[in-house]
RNA sequence: GCCGAUGUAGCUCAGUUGGUCAGAGCAGCUGAUUUGUAAUCAGCAGGUCGGGGGUUCGAAUCCCUCCAUCGGCUCCA
């Protein structure tokens with residue numbers, strides 16, 4: 001007999017060789033039906049794998065990540081089986097469970113192309129296979145056997161994977177006619193997989209390497225209940241309604257023009273209004289934190305970026321130099337603002353007493369992103385960074401870094417961004433070629449970030465190696481869009497390299513020259529990306545202080561149209577933007593209902609209101625706020641905006 | 001850049017196997033209506049069917065090519 005310890009601490013005795021499924025059955029039949037995988041001493045196991053010693057276990061159901069993982073991983077194998085039957089000779093890459101479903105990378109051979117239209121066929125085959133209730137069987141194999149098996153099959157992808165594994169750690173899983181190299185765990189059999197949907201198809205380089213073959217990646221999702229699939233698909237549909245590209249057009253915030261060029265957004269009046277409100281908000285915050293605004297041109301001599309090191313690294317893949325009538329003269333559209341700001345720092349000798357110098361600019365930059373990378377407003381070729389560079393003494397670095405963290409957290413809080421991830425991006429220790437600067441400088445910069453983050457008590461921060469900028473490590477703030485894709489917004493980067501390259505200095509208390517440290521930072525990241533994510537987070541219902549049109553004026557008949565115009569003009573003086581409902585408006589547009597719903601205030605005017613120089617105020621979703629004269633309303637609204645900002 | 005898909009009026013979409021297939025709704029314009037809030041009525045106007053080539057007696061429909069967009073991959077200063 002062996003002792004099995006449950007998560008709640010209770011211990012029960014079982015026969016040696018008992019399986020997770022046996023244990024679940026011993027507790028209740030319904031549990032046995034719902035359980036999908038098991039943790040044995042914190043290792044993920046199959047339910048059917050025998051337990052031969054005392055162990056602490058946890059049974060994983062659908063609700064547990066580990067349960068879902070096994071479910072989707074098994075679904076991936078099932079899909080592979082279906083594909084192998086439909087496309088004999090297909091070779092398989094990897095097929096993992098992912099956050100929302102699973103995929104498998106397959107190589108059906110050079111003459112075979114799998115397209116969207118084939119997905120239903122594969123789906124159907126999978127469902128057939130499910131009904132066979134094949135079990136997933138684990139088998140430990142030697143490296144030699146494993147290599148031989150896939151060599152016979154001619155699957156070079158699997159043999160490549162196996163050759164990197166250590167003998168004695170290799171296992172196969174079989175279900176039906178399909179055998180895969182796999183660590184597991186898997187479901188006991190296919191029967192729980194009740195609902196399957198293959199979602200999309202994409203090319204994916206083998207092992208993520210651009211120089212290697214591109215396999216066909218098939219994405220799918222599966223569920224234990226048909227209803228759950230329906231709900232999942234419904235959720236995806238809902239998310240599409242919040243897509244910033246759709247709302248951006250509907251709300252008339254921004255557009256693109258093929259004639260202007262891909263990735264070059266055109267901000268429409270309302271979008272520009274929204275953006276301006278955001279910029280003003282940030283300017284106010286920055287003023288309070290000792291930042292000084294600067295303005296620099298959109299181009300600069302190529303030499304600037306040769307000095308910074310950017311040209312050597314990105315020159316070929318950038319917008320190419322601008323030539324002038326002067327032979328040999330070359331300018332670049334600026335892909336970043338740092339060199340310009342460095343030159344501003346150098347404008348005059350700096351004393352240690354002057355530091356930190358914080359130079360801020362909404363700087364528009366141009367980067368030639370790969371065509372396939374462009375994405376609405378989140379990835380564009382011309383965008384405006386809410387950029388600033390802080391030049392400080394080494395002893396001020398940690399404190400300055402922490403202050404920037406405060407600003408970013410404040411802004412995220414203000415805009416109600418709760419679901420963000422913070423990530424420390426360090427260099428890849430294996431690949432020093434990718435980075436400029438000395439090891440010593442990198443050490444210092446990385447240590448500074450780690451210390452600042454620690455001092456801030458940021459616990460959930462993730463450390464990623466190889467994600468650093470080529471000139472320095474950074475702390476990134478990452479937010480998800482409507483469809484769950486991650487986008488980096490705020491960023492803070494520590495840089496010892498540019499100060500060196502630009503020979504920045506200050507005179508210390510010892511009357512000697514010293515080199516300042518530079519912090520690059522952008523709380524929004526870029527106005528474009530930030531607005532995109534903001535649109536998706538708010539579904540186009542912006543907070544009052546940001547919303548482009550804060551009130552809609554409704555004259556109940558044409559007679560009051562002139563008065564409506566007057567009200568609108570009056571409120572403009574208070575920075576309150578209004579729309580006039582067009583039903584009674586001879587010239588003008590009728591406001592669509594869904595648009596009207598997004599405007600927070602409704603001002604109704606009729607005879608009574610016109611005579612008394614007032615408006616009847618309604619707040620969307622809250623009802624009547626009473627009759628107010630125009631000054632009162634302006635004050636009321638401004639008050640609301642203030643209190644909204646203060647309550648943050 | 002790579003893989004797959006898509007591209008018909010400002011927007012959302014119909015257009016079966018190539019032969020009145022250039023259509024509808026919304027938006028727009030012109031009249032009428034004057035309404036205290038999820039679509040007032042009538043009429044008009046809108047498109048080299050993404051661009052260019054080709055096949056055909058005939059192409060929105062088939063083929064080639066370029067462009068843009070979408071889903072991914074790679075990239076992301």
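Laboratory data are not the source of any read-out in this text; all were calculated from the coordinates shown. Just so we're clear, the structure is a prediction, and the values are computed from it rather than from any experiment. Backbone-built Cβ (ideal geometry, glycine too); neighbour counts: all protein chains shown.
Counting other beta carbons within 10 Å of each residue's own, what order do A:289, A:389, A:310 fall into, fewest first?
By the 10 Å Cβ count, ascending, the order reads A:289, A:310, A:389.
Quick one: check the C-alpha center-to-center distance for the range A:194-236 versus the range A:419-488, whole angstrom.
Centre-to-centre (Cα) distance: 29 Å.
Rounded to the nearest 500 deg cm²/dmol, what is the calculated helix-only ellipticity per residue at 222 nm for chain A, with -39500 (n - 2.57) per DSSP H run of length n ≥ 4?
Estimated from H runs of four or more residues: -10500 deg cm²/dmol.
For residue A:509, put the label point 7 Å out on the Cα→Cβ axis and report which residues of the range A:382-405 keep their amide N under 12 Å from it.
A:395
Plugging the Kirkwood radius over Cα pairs into Stokes-Einstein for the range A:159-249, at a temperature of 25 °C and a viscosity of 0.890 mPa s, what D comes out in µm²/s?
144
Under the Kirkwood approximation applied to all pairs of distinct alpha-carbon atoms, what is the hydrodynamic radius of the range A:245-376 in Å?
On the way: mean 1/r = 0.0569 Å⁻¹.
About 17.6 Å, per the Kirkwood formula over Cα pairs.
I need the calculated FRET efficiency for the pair residue A:430 and residue A:636, taking r as the beta carbon distance and R₀ as 45 Å, to the nearest 0.05. Don't skip to the answer; put the middle values down first.
Values: r = 61 Å, r/R0 = 1.35.
According to the calculation, E is roughly 0.15.
With viscosity set to 1.567 mPa s at 4 °C, what whole-number translational diffusion coefficient in µm²/s follows for the range A:40-84 from Stokes-Einstein and a Kirkwood radius over Cα pairs? Don't jump to the answer; show the numbers that get you there.
On the way: Rh = 12.0 Å.
Once the numbers are plugged in, D ends up at 108 µm²/s.
Compute the acute angle (0 to 90°) between the alpha-carbon long axis of helix A:119-131 and the principal axis of greatest extent of the alpha-carbon atoms of chain A; round to the nearest 10°.
Roughly 40 degrees between the two axes.
Taking the 0 to 90 degree range and rounding to the nearest ten, how far is the long axis of helix A:65-86 tilted relative to the main principal axis of chain A, both from C-alpha atoms?
So the helix axis and the longest Cα principal axis differ by about 70 degrees.
How would you rank A:22, A:399, going from fewest to most other Cβ atoms within 10 Å of each one's own Cβ?
Least to most surrounded, the residues fall as A:399, A:22.
In degrees, nearest 10, range 0 to 90: what is the angle between the Cα axis of helix A:397-414 and the longest Cα principal axis of chain A?
Long axis of A:397-414 versus the principal axis of chain A: about 90 degrees.
Where the eigenvalues come from the Cα gyration tensor of the range A:444-484, what are the semi-axes √(5λ) of the equivalent ellipsoid, largest first, in whole Å?
Details: eigenvalues 89, 47, 11 Å².
Computed over the range A:444-484, the values are 21, 15, 7 Å.
So if R0 is 51 Å, what FRET efficiency would residue A:124 and residue A:320 give, r being the distance between their Cβ atoms, rounded to the nearest 0.05?
0.50
In terms of the ratio Rg/(2.2 N^0.38 Å) built on C-alpha atoms, what value belongs to the range A:317-474?
1.20
So if each residue of separation counts as 0.36 nm, and I subtract the Cα-Cα distance between residue A:627 and residue A:250, what length gain in nm does that give?
Details: separation 377, 0.36 × 377 = 135.72 nm, distance 3.15 nm.
Net length gain for the segment: 132.6 nm.
To the nearest 0.05, how large is the calculated FRET efficiency for residue A:443 and residue A:313 if R₀ is 22 Å and r is the Cβ-Cβ distance?
After rounding to 0.05, the efficiency reads 0.55.
Between the alpha-carbon centers of the range A:1-57 and the range A:490-551, tell me the distance in whole angstrom.
Cα centroid of the range A:1-57 versus Cα centroid of the range A:490-551: 52 Å apart.
When the label point is put 7 Å from the Cα of residue A:133 along its Cα-to-beta-carbon vector, which residues of the range A:178-205 have a backbone N closer than 15 Å?
Residues passing the 15 Å test: A:188-194.
How big is the gap, in Å, between the Cα center of the range A:133-157 and the Cα center of the range A:326-347?
58
Could you work out Rg/(2.2 N^0.38 Å) for chain A, with Rg from alpha carbons only? Write down the numbers at each step before the final one.
On the way: Rg = 30.5 Å, N = 648, 2.2 N^0.38 = 25.8 Å.
Rg over 2.2 N^0.38 Å, computed on Cα atoms: 1.18.
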